[in-house]
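Report on the structure given below.
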Amino acid sequence: PKQQTLAVIKPDALEKHKEDILKEIQDRGFSVTQLKEMVLPREMAEEFYKEHSEQPFFSQLVEFMCRGPCLMLILTKENAVEEWRAMMGPTDPAHAKETSPNSIRARFASDILQNSVHGSSNEQHAMEKIQFIFGDISSEAELTSD
Ligand code: CMP
């Protein structure tokens, strides 16, 4: 069955690698179901990353994510959550370069903070974050298909 995940092209990568990353997403067989470019307001970035609010890097992370536009994408494919995470590679690009040199982070990320892309870690998070960023599109779809 098809699955959805939320992917984010972060401000560092959107400036320089937007077209490369979008092409690769399509080449790997994902459908881009929705996309939205936006500068995250601070409160939204804090809410988006609330799972990390106790981390020492939290304020840097929020600052970075608000510094310029992000591209928010809903990606649809079988096993989309895992496949997008595999395509991104590990959080730290230094680690990514060793273990998955073809991954997006290995090729485009500058450091563990400015790591070019984000992807939901599981299906539950994917549904929550998609709703948070795009609103309740699943229930709209149900309403219109009746
Ligand atoms: P992401 O996968 O979006 O999830 C949390 C983000 O926090 C991560 O990518 C990085 O941008 C950032 N991050 C994770 N670990 C660290 C760290 N040790 N130092 C700075 N930033 C980090």
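Nothing in this text is a laboratory measurement; each read-out follows from the coordinates by a stated rule. All of these numbers come straight from a predicted model, not from anything done at the bench. Quick reminder, even Gly has a Cβ in these numbers, built from the backbone with ideal geometry, and neighbours come from all protein chains shown.
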**Complete:** Dividing the helical contributions, -39500 (n - 2.57) per DSSP H run of n ≥ 4, by the residues of the chain yields a 222 nm value, nearest 500 deg cm²/dmol, of -14500 deg cm²/dmol
**Fill in**
Checked the chain against the a/c 1.5 cut and the a/b vs b/c comparison, axes a ≥ b ≥ c from its Cα gyration tensor; verdict oblate
**Request:** For VAL32 and GLN131, compute 0.36 nm times the residue count separating them, minus their Cα-Cα distance, and round to one decimal in nm.
**Result:** 34.1 nm
**the range 90-139 versus the range 1-38: alpha-carbon centroid distance in Å** = 10 Å
**Fill in**
Label model pair ALA94, GLU82: point-to-point distance (7 angstrom along the Cα→beta-carbon line) in nm is 3.0 nm
**Prompt:** Can you flag which of LYS10/LYS129; LYS23/LYS77; LYS50/LYS97; LYS10/LYS36 are past 22 Å Cα-Cα?
**Reply:** LYS50/LYS97
